[in-house]
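Asker: The structure under discussion is supplied below as structure tokens; questions concerning it will follow.
The values are calculated or read from the model by the stated rules, or taken from the named source; none is laboratory data. Note that the structure is a prediction, hence the values are computed from the model and not measured. Here the Cβ is made from the backbone with ideal geometry for all residues, glycine too, and neighbour counts use every protein chain on show.
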Amino acid sequence: MKNEQIVLVKRPEGMPGDDIFRFEDIDINTPGDNELLIESVYISVDPYMRGRMNDTKSYAKPFDIDEPLNGHVLGRVVESNAEAFKENDVVTGHLSWKKFNTVSADSVSKVASTEVPLHLYLSTLGMTGHTAYGGLLNIGKPQAGETVVVSAASGAVGSVVGQIAKIKGAKVVGIAGGREKVTYLTEELSFDAGVDYKADDFKEQFAAAVPDGVDVYFENVGGTVSDEVFKHLNRFARIPVCGAISSYNSKEDNGPRVQQQLIKSQALMQGFLVAQFEDEAEEASKQLAQWVQEGKIKSEVSIAEGFDKIPEAFRNLFTGGNFGKQIVKVSDSLD
């Protein structure tokens, strides 16, 4: 078996190009006591990784130069020296961008079931779903009849947020880029309205979609899109801040500019990390799985094929080149 890894060569300026990544052939390490050899099958790429490429203080340690990048991986146990695992078990964990990882058995978990599409454990049934569930229900607290607005609504987190809000009886308005994505929101995910932020009449479209104002705004993008949403906040609106993807590759602060609008609406704006909802992870997993099985939550996944496609798939997150969750399939061993 041949092993390969992707390391970070230098800090990117703006959009990460191919020159910041290096592919390296490496050895496969034999697992020791309580260790596993895991073959990567699906590798998740996520927007938060862009922040970790910068050498700045944040909630997560920056990636080291000349060291492999890492993220959430679903894999197959090739060899086990741990009692709790056996060959061919399917596991997930935070692992390096390698074809094969040798890790402590304590660093991964078995998937609950192999009866569902396995890539869901890196999307709706994994960190993505838990982010949507925790942020919306704990901070947004949508009530039946309220208006919930979601930015980056066709993306991994946003699409799940909108569907949970519908389950809770809210009116849901999704903001996405391009008519195809907007149509997907309304026709496939049953959002009440979709608004194209790329359209020349975006402001007019959005105002027409929220005649009763905005009670919950699940913030994924920042920038001028959010500036417009904030103008329509209702009194005591709630704003879970999940991300600001519009600014991740920018050297300048492009908003939103929120202070006056927050004062006027007496709104609550709160940033969050999925880790803060760890105590309810089991409950979230069960509820999300039930909704998926009942057909109440649909999952759109963009799957790139091949280990060499990871850098391109990562850039898709910032160019709108993906629908839903972006994942890279690097092995056929679980087909």
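Asker: Please verify whether Val9 is touching a residue at least 40 places away in the same chain (Cβ under 8 Å) and surrounded by 19 or more Cβ atoms within 10 Å (Cβ to Cβ), treating the condition exactly as stated. Let's see the steps before the verdict.
Answerer: On the way: touching a residue at least 40 places away in the same chain (Cβ under 8 Å): yes; surrounded by 19 or more Cβ atoms within 10 Å (Cβ to Cβ): no.
In short, no.
Asker: Every residue in region 183-194 that is surrounded by 15 or more Cβ atoms within 10 Å (Cβ to Cβ), more than 21 Å from the chain's Cα centre (by Cα) and not in a loop (DSSP other than H, G, I, E, B), please.
Answerer: Within region 183-194, just Ala193 meets the criteria.
Asker: Starting from region 183-200, keep only residues that are among the polar types (S, T, N, Q), then list their pairs with residues that are assigned to a helix (DSSP H, G or I) whose Cβ atoms are within a distance under 9 Å, requiring at least 6 positions of separation or different chains.
Answerer: Sorted first by the residue in region 183-200, then by its partner, the pairs are Ser190/Gly162; Ser190/Gln163; Ser190/Lys166.
Asker: Working only within region 13-28, note down all residues that are assigned to a loop (DSSP other than H, G, I, E, B) and either touching a helix residue (DSSP H, G or I) at 6+ places or on another chain (Cβ under 8 Å) or at pLDDT below 95 (or both).
Answerer: The first filter runs over region 13-28 and keeps only residues assigned to a loop (DSSP other than H, G, I, E, B), leaving 13-17, 27-28.
Glu13, Gly14, Met15, Pro16, Gly17, listed by residue number.
Asker: How many residues, within region 77-134, are outside any helix (DSSP H, G or I) and under 27 Å from Thr30 (Cβ atoms)?
Answerer: Step one: list which residues in region 77-134 are outside any helix (DSSP H, G or I), which gives 77-104, 108-117, 123-126.
Among the residues that remain, those that are also under 27 Å from Thr30 (Cβ atoms) are: 77-104, 108-111, 114.
Total meeting the criteria: 33.
Asker: Filter region 302-315 down to the residues that are closer than 15 Å to Leu122 by Cβ and in contact (Cβ under 8 Å) with a residue 60 or more places away in the chain, then identify the one that is nearest to the chain's Cα centre (by Cα).
Answerer: Phe314
Asker: Now a separate question. Taking the condition surrounded by 18 or more Cβ atoms within 10 Å (Cβ to Cβ) and either among the aromatic types (Phe, Trp, Tyr) or at pLDDT below 90 (or both), does Tyr42 pass? I'd like the intermediate steps shown before the answer.
Answerer: Details: surrounded by 18 or more Cβ atoms within 10 Å (Cβ to Cβ): yes; either among the aromatic types (Phe, Trp, Tyr) or at pLDDT below 90 (or both): yes.
Judged against the criteria, Tyr42 is a match.
Asker: Moving to a separate point now. Val172 versus (1) touching a Ser or Thr at 6+ places or on another chain (Cβ under 6 Å); (2) at pLDDT 95 or above; (3) crowded, with 23+ Cβ neighbours inside 10 Å: which is the lone unmet condition?
Answerer: Only one criterion is unmet by Val172, namely (1).
Asker: Which pairs turn up if I take residues in region 203-218 that are in contact (Cβ under 8 Å) with a residue 60 or more places away in the chain and closer than 14 Å to Phe191 by Cα and look for partners that are of a type in the set (Gly, Ala, Ser) and exposed (fewer than 15 other Cβ atoms within 10 Å of the Cβ) with beta carbon separation below 9 Å, at least 6 apart in sequence or on another chain?
Answerer: Matching pairs, first to second residue: none at all.
Asker: Considering each of Ser333, Ser299 in turn, give the residue that is surrounded by 14 or more Cβ atoms within 10 Å (Cβ to Cβ) and either part of a helix (DSSP H, G or I) or touching a residue at least 40 places away in the same chain (Cβ under 8 Å) (or both).
Answerer: Numbers: Ser333 fails: surrounded by 14 or more Cβ atoms within 10 Å (Cβ to Cβ).
Unique residue meeting the criteria: Ser299.
Asker: Looking for whichever is out of contact with any helix residue (DSSP H, G or I) (no Cβ under 8 Å at 6 or more places or on another chain) and among the aliphatic types (A, V, I, L, M) here; the options are Val45, Val41, Val7. Which one fits? Lay out the reasoning, then the answer.
Answerer: Working: Val45 fails: out of contact with any helix residue (DSSP H, G or I) (no Cβ under 8 Å at 6 or more places or on another chain); Val41 fails: out of contact with any helix residue (DSSP H, G or I) (no Cβ under 8 Å at 6 or more places or on another chain).
On inspection, the qualifying residue turns out to be Val7.
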